[in-house]
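**Student:** Here it is: the structure, laid out below.
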Amino acid sequence: MSKYLVNKFLFTVDRDPELVERYREDPVGTVAWWESAWANRLLSCHDGESSSWLRFDDAEREALAGHDYPRLFELGAHPFLTLTLFIAMFERDHEALGFQTEYARRLAHMSLPYPDIAT
């Protein structure tokens, strides 16, 4: 797994309100588009510089496309990145703090030590 690439996806999507909505409404299409258009771009502002080898593996792609944040956490995605993005996408569907409570409930099966989040 490339924790870097998954975290990069979460980071870049969370910072663009249009991408947040796109990912909420069409997760499969957004993941496929992002992987082809953004995965190999540098996080810096330099246009024209990119790599060519970064790709999600099947487990990452499936978890991202399924909005499966517990699985992303198990795979080592950074919990702050998953929480902030999924709050942006789903908080409106819950009562106050309802999504945060749901997030905690769905991750309650995890115990210390948590998966390594170092990239």
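**Student:** Tally up the residues in the stretch 59-75 that are in a helix (DSSP H, G or I) and farther than 16 Å from Ser36 by Cβ, please.
**Tutor:** Going through the stretch 59-75, the residues in a helix (DSSP H, G or I) turn out to be 59-65, 69-75.
Among the residues that remain, those that are also farther than 16 Å from Ser36 by Cβ are: 59, 62-63, 69-75.
Qualifying residue count for the region: 10.
**Student:** I'd like to know if the stretch 36-58 contains one or more residues that are assigned to a helix (DSSP H, G or I), modelled with pLDDT under 95 and either touching a His at 6+ places or on another chain (Cβ under 7 Å) or within 24 Å of Leu107 (Cβ to Cβ) (or both).
**Tutor:** So the first thing to find is which residues in the stretch 36-58 are assigned to a helix (DSSP H, G or I), and the list is 36-37, 58.
Then keep just the ones that are modelled with pLDDT under 95; that gives 36-37, 58.
Filter once more, keeping what is either touching a His at 6+ places or on another chain (Cβ under 7 Å) or within 24 Å of Leu107 (Cβ to Cβ) (or both): 58.
Yes.
**Student:** For the condition at pLDDT below 90, among the charged types (D, E, K, R) and surrounded by fewer than 19 Cβ atoms within 10 Å (Cβ to Cβ), what is the one hit in Glu62, Glu74? Don't jump to the end; show me each part of the working.
**Tutor:** On the way: Glu62 fails: at pLDDT below 90.
After ruling out the rest, the residue left standing is Glu74.
The values are calculated or read from the model by the stated rules, or taken from the named source; none is laboratory data. Keep in mind it's a predicted model, so treat the numbers as computed, not measured. Neighbour counts are summed over all protein chains in view; Cβ atoms, including those assigned to glycine, are modelled from backbone coordinates with ideal geometry.
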